[in-house]
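Structure, as structure tokens:
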Amino acid sequence: MSLVLIVLPILAGCALFFVPRSDRTVSRITGCVVAAITFFLPLVTGNDGAISAHWLSRPFTASLHFAWGGLSFWIVLLLALCTFCAILATNMPQTRTMIALLLMLEGTMMGLFTARDILAFALFWDLMLIPPFFALVGWGEHRDTAWRYLIYNFAGGLLLLLATAAFGVIYGSTDVIGTGHSIAGAWAPWIFAGFAIAFAVKTPLFPFHTWMPATYSDTPPPMVAVVSALQSKGGLYGFLVIGLPFLGSAMAQWKWIFIIASLVSLLYGAYIALVQTDAKRVVAYSSLSHLGLIVLGIFSFSGVAVQGVLVYIIAHGLFSAALFLILGYFEEREGTRSLARLGGLGALNPKLAGAFTIAALAALGLPGLAGFAGELVILSGVFQSGYFWPALIALIPIVLASAYMLRLLQDIINGPQVKDIPERTDLSWVEGLAVAPLLAALVVLGCYPHAVTATAAAFTAPLAAVQPQAAGTLALTKEQHDR
Amino acid sequence: MLFVIWLVPLLGAILCWAFGPQLKRAAGVLGSAAIAVSFIATVASWGAATQNGGTHQFLFSWLRGFDFGLLFDPLALIWVLIITGVGFLIHLYSVGYMWNDNAVARFFAYLNFFVFAMLTLVLSDNFAGLLVGWGLVGLASYFLIGFWFFKPSAVAAARKAFVINVVGDVGIMFAIFMMFSRIGTVTYAGVFANPHALDPWLFWICVFLFIGAAAKSAQLPLHTWLPDAMEGPTPVSALIHAATMVTAGVYLVARCAPLWSASHDAQTLVGTVGALTALAGAVLGIAQWDIKRILAYSTMSQIGYMIMGVGVAAYTAGVAHFFTHAFFKACLFLGSGIIIHALSDEQDIRLMGGMRKRLPVAFWAMGFAVFAISGCPPFAGFFSKDQVIYGALEHGYVWMWAVGLITAGITSYYMFRLFIVTFFGTYRGELKPEAVGIAEESSSAAQAAGSSVIAHEHSEPHGHENGHAPGWIMAVPVAILGLFSLVAGWIMAGQNSPWARFFASSFPREALPPATVTEGVTSGIAIAMFLIGLGVAYMRYGTREALANAPARLKRESETLPAVLVNLYYFNEILDWLFVRPAQALGQFFGRWMDPHFVDGVVREIVMTNRFLGTLMRSFQTGLLRAYALIVVFGAMCFAVYYALEGAMR
């Protein structure tokens, strides 16, 4: 069944090229129906939808093996939801083409997140670059950005492929995600290095982030919503399902590099977000900061932190997608995203301002919304694992986040109006429907993250081997899981 | 019943928010009714809170150690009574105050949401739930300070309040990390069972919790947001920035009494901060002219007293002062709101005067409250303030006792200054601002604010086109609060008072050596301080000669105020230079220079020196974009097809 998740959106995307270029209705309905199918399919089938076909036997075994169990389940739901919302929110010249690209993006990323074979994972890792690349070529403001995005990420993908090949040769098979045991030996750290750089570029992690701000600010809103919400999770997902189970000892060996890089990302992103004048760049740099927190959580090897990581992965996907869509609405209405030229828009767009407020508050970690649950649990775990200073330093960006997010929020919706625009329309119901599910999910997950944390057991199992303290938290997690 | 108390205000908020356009002024009735229901439910479940150590209700768990639930015990009961009781009166008053504001439904939605958030804070049975409430009241405060969001000053004040409160939030977060990693739980029951299990971090846990308390309760040096918060509508100042939210820090320390009782260093620290804040706030109160800002500094000072009380382990005394303060300070704010309303948003007391005849209800109610806050027996503030000051002595802090008494005198002086200048003499509103010493710049700033209001007629705060609300709707709550300013302290008189019995089993008790000065002597000195303050204020402002020459005297005083007081000890500037400017400079440095030129520069350098990529980049620069796009995509496709075929052939 999981093949449907991959093939259906891609085929639907291709098919849309046969409807007229100027079409809106048919494309939107097709897109929404496809996204809805991919959302409900994993929910209703009740199994993990595994499908497997033999692929390679030399020099190592590989299969086209896909399933949506474990962490994949939540990410698949998030991806389908974000795609649905992005398609609803698409309203631009050539809506049809954008929706086709969004569907193709969904299909390729479904492949990435359901792959049970590392080679298949690596394949989709590169394929998923194509739709955003074309979106950047077609709608981007600077041609340079598209190339930078592609080259940077392809370079990462190349390393990933090399590491995968080395992994396959040593381990004998790449059809291993969700199973298997840790590998050791002299090669392990280098294999891990290959994976890790690819993941760090994708996440992105300082200092591999420089492709990201331009990409996020140039890509049209529906596309960037999905890219920021999901593509960045490819690297984190890789750390969780490939790094921890198979290369745990290598990760532990190099952990300080990543802890420091994640702390630098946290602070660096937050400080830069504080002074950006382009609304989308504020969110882009805040993403750098937030994702640094997730990397910190992963490299603390704490069972508690990993539960928080899962919550925060979902939470970040939800609020960054919502923020980019909403900033897109403002840009569409005002024709600018310069904070200096926006202002006072709340009075005439109360619903839009309300939605924006919820999204911004989730991003700054307001208690009661999902971002806070993730932060609190991640940092509790980090601290519990004995990382006193990293946990303390990671609190600074939380204060900075409130400053830059409120600056973004208030500069756009509050204050006197910068210019007079007589006719302005508040959120239409389609636009509202496009962000409402994201915001609702933020509230639900913020009050009750247990649904997500319960699936963490599978990822905390390998931690015991890596870090002695994790043994206690492992038992704790399992009990939690049984409850 | 507990859920009724807790969730009905949330329901009210949601209804006011969702049906705002339909409800219009009826939102006020709905919002007030929600709080009334919550208050009645609280009174009805009195027994549930006071018997057997209270009621406990499990809600849900995030993961082990993060269990959420509700706890309704005597300490929570007192707070809930004030939140819903005083909260209801303020809601009622707001119906009148916001009568002509177009966004009245939004106002009541926020106000109800605040009550819900505050109830979450005090009813939670664990630190994580407390932190949720803590953040949500901060949010409600942010919304309400920035309620008139077209005023840049209100917007800036809202942001400042929120960010400083987040500093407090992360303090509590860090305390949670320490507790969680030490004993694996964050519930009150688990943490308080054996405070010494937290050693060696017990003191630091108290410190980080107190960072949260200090930010929320406007203690030094995190107090600078509170005076700015007066940008919000006056009922908001009364409810959030006087009676309830800002006392959350007092609640936190009282709630954590087992921790404070186990750490003497924490007691000294918190008591010291409280005493200094009490004094510093009172001194600033002398030099203010804006009626709401005087009250804001007095709030800061009075909360300093409470913090000092609970800090030095005189928990019942600190909570007692919270209880009486809620009445008299809410009364003062609401009374000043009546004046501000009557004078079309004038807040400078130099332009008031003679209000006694014109606004008798405000005069009498505020009069009671002024006597209460100044510590005149038998008004409420006398009993509670006396307990706090004596509590400091009893627990061995003689200097705090002395500071408390001095502050009492200053308080008496600046409150009677406010009272006399506002209510006696003749009305000065028709005079030119310069005649009473209002500097040019501030009056032009006021004009600018006024013009921005005019520019936004659709949401003008107080238009007069719709007539006025019935007069009683604002007068009755003020009168009731004035009455309570008199009587609320009577339950606290004496050694074995009902108040002391109520909290008999709530707080840890210590065996104390007899104090060097008896309570009677302390009371005597306190009354003397009250009389001195009153006397000085009368001599300066209240004599017949002073009232006759009021404009000239006020002008002279405005010109001779010490710069350090006018500039609020330069706290804003210091915090700005220490934290805000460095952060912005760092952001500019990282964003303008380091990111594009260094981090990205290195990457570009590597790419360019690589021959293959270099060629690629050069060709790209010659404009072969589309060709390359095709090549890349075809490459990827070939790759995919090759492997798919190879798989299929087997």
(message) Under 8 Å for C-alpha pairs, at least 6 residues apart: give me the relative contact order for chain A, rounded to a whole percent.
(response) 15
(request) Post the alpha-carbon centroid distance, segment B:203-254 to segment B:349-421, in whole angstrom. (result) 20
(request) Using only C-alpha positions, report the orientation-averaged shadow area of the convex hull of segment B:479-559, nm², one decimal. (result) 9.9
(message) Taking every pair of distinct Cα atoms and averaging 1/r, then inverting, what Kirkwood hydrodynamic radius in Å comes out for chain A?
(response) 22.2
(message) Under the 0.36 nm per residue contour assumption, what length would be gained going from the current alpha-carbon distance of B:Ala548 and B:Asp290 to full extension?
(response) 90.7 nm
(request) Please report, in cubic angstrom per residue, the volume enclosed by the convex hull of the alpha-carbon atoms of segment A:130-187. (result) 105
(request) With no solvent and one equal point scatterer placed on each C-alpha of segment A:106-259, evaluate the Debye formula and give log10 I(q)/I(0) for q = 0.17 Å⁻¹, two decimals. (result) -0.92
(request) List the pair-distance distribution P(r) of segment B:512-610, using every Cα-Cα distance, as the percent of pairs falling in each 10 Å bin from 0 up to the bin containing the longest distance, rounded to whole percents. (result) 11, 15, 16, 16, 14, 10, 9, 7, 3, 0
(request) Please sort A:146-153, A:331-338 by packing, taking for each peptide the average over its residues of neighbouring beta carbons within 10 angstrom, highest first. (result) A:146-153, A:331-338
(request) Enter the mean number of other protein chain beta carbons within 10 Å of the beta carbon of each residue in A:403-416, as an integer. (result) 5
(message) Under 19 Å from a point placed 7 Å out from the Cα of B:Trp399 along the Cα-to-Cβ direction: which residues of segment B:283-304 have their backbone N that close?
(response) B:283, B:304
(request) Would you calculate a helix-derived [θ] at 222 nm for chain A, using -39,500 (n - 2.57) for each DSSP H run of n ≥ 4 and dividing by the full residue count, to the nearest 500? (result) -22500 deg cm²/dmol
(request) Find the percent of Cα-Cα distances in segment A:334-442 that exceed 25 Å, and round it to a whole number. (result) 35
(request) Please report the relative contact order for chain B, taking Cα pairs under 8 Å with a sequence separation of at least 6, and give it as a percent rounded to a whole number. (result) 13
(message) Could you give me D for chain B, from Stokes-Einstein at 10 °C and 1.306 mPa s, where the hydrodynamic radius is the Kirkwood radius over C-alpha pairs? Units µm² s⁻¹, please.
(response) 60
(request) Just tell me how shielded A:365-371 is by partners: mean number of partner chain Cβ atoms within 10 Å of each residue's Cβ, no decimals. (result) 6
(message) Using C-alpha positions alone, give me the convex hull volume of segment B:99-222 per residue in cubic angstrom.
(response) 98
(message) Semi-axes of the equivalent ellipsoid for segment A:339-378, please: Cα gyration tensor eigenvalues, times 5, square-rooted, ordered largest first, whole Å.
(response) 27, 11, 5
(message) Ignoring everything except DSSP H segments at least 4 long, calculate the 222 nm mean residue ellipticity for chain B; use -39,500 (n - 2.57) per segment, divide by total residues, nearest 500.
(response) -22000 deg cm²/dmol
(request) In whole Å, largest first, what are the principal axis extents of the Cα atoms in segment A:64-150? (result) 38, 28, 16
(request) Could you grab the Rg to Rh ratio for segment A:308-363? Cα atoms only, Kirkwood for Rh. (result) 1.05
(request) Quick one: give the max-minus-min coordinate of the C-alpha atoms of segment A:281-324 along each principal axis, largest first, in Å. (result) 32, 16, 7
(request) May I ask you to order B:100-112, A:250-262 by the average number of other C-beta atoms within 10 Å around their residues, highest value first? (result) B:100-112, A:250-262
(message) Among A:376-386, B:327-337, A:436-446, how do they line up by average Cβ neighbours within 10 Å per residue, starting with the highest?
(response) B:327-337, A:376-386, A:436-446
(request) Go ahead and collect, in residue order, the members of segment A:223-240 whose backbone nitrogen is under 14 Å from a label point 7 Å along the Cα-Cβ direction of A:Met92. (result) A:223-228
(request) Could you work out how far apart the two model spin labels at A:Ser428 and B:Ala493 are, taking each label as a point 7 Å from the Cα in the direction of the beta carbon, and quote it in nm? (result) 7.1
(message) Against the empirical 2.2 N^0.38 Å scaling, what ratio does the C-alpha Rg of the protein assembly as shown come to?
(response) 0.99
(request) Filter the cross-link list B:Lys151/B:Lys292; B:Lys292/B:Lys385; A:Lys202/A:Lys233; B:Lys160/B:Lys216; A:Lys351/B:Lys24 down to pairs whose alpha-carbon distance in this structure exceeds 19 Å. (result) B:Lys292/B:Lys385
(request) Take the Cα pairs of segment B:177-302, get the Kirkwood Rh, then feed it into Stokes-Einstein at 10 °C and 1.306 mPa s and tell me D in µm²/s. (result) 102
(message) 5 Å is the cut-off here: which amide hydrogens, built 1.01 Å from N in the peptide plane, fall below it relative to B:Leu59, excluding neighbours closer than 5 in sequence?
(response) B:Phe68, B:Gly69, B:Leu70
(request) Let me have the relative contact order for segment A:327-383, percent, based on Cα pairs under 8 Å that are six or more residues apart. (result) 13
(message) Along the Cα→Cβ direction, 7 angstrom out, place labels at A:Val44 and B:Arg25. What is the inter-label distance in nm?
(response) 5.2
(message) Taking the Cα centroid of segment B:270-334 and of segment A:154-178, what is the distance between the two, rounded to the nearest whole Å?
(response) 65
(request) Divide the volume of the convex hull of the Cα atoms of segment A:1-226 by its number of residues and quote the answer in cubic angstrom per residue. (result) 118
(request) Specify which residue in the list A:Val382, B:Leu534, A:Gln410 is farthest towards the positive end of the charge dipole of the protein assembly as shown, using unit charges on the beta carbon of Lys, Arg (+1) and Asp, Glu (-1), about the Cα centre. (result) A:Gln410
(request) For peptide B:175-184, compute the average count of partner chain beta-carbon atoms within 10 Å of each residue's beta-carbon. (result) 5
(message) So for segment B:36-175, considering every pair of alpha-carbon atoms, how many percent are separated by more than 27 Å?
(response) 30
(message) Quick query: amide H of B:Leu220 versus all other amide H atoms, modeled in the peptide plane; which residues come in under 5 Å with a sequence gap of 5 or more or a different chain?
(response) B:Thr277
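All of the numbers you see were taken from the coordinates with simple rules; none came from a lab. Keep in mind it's a predicted model, so treat the numbers as computed, not measured. Note: ideal-geometry Cβ built from the backbone for every residue, glycine included; neighbour counts use all protein chains shown.
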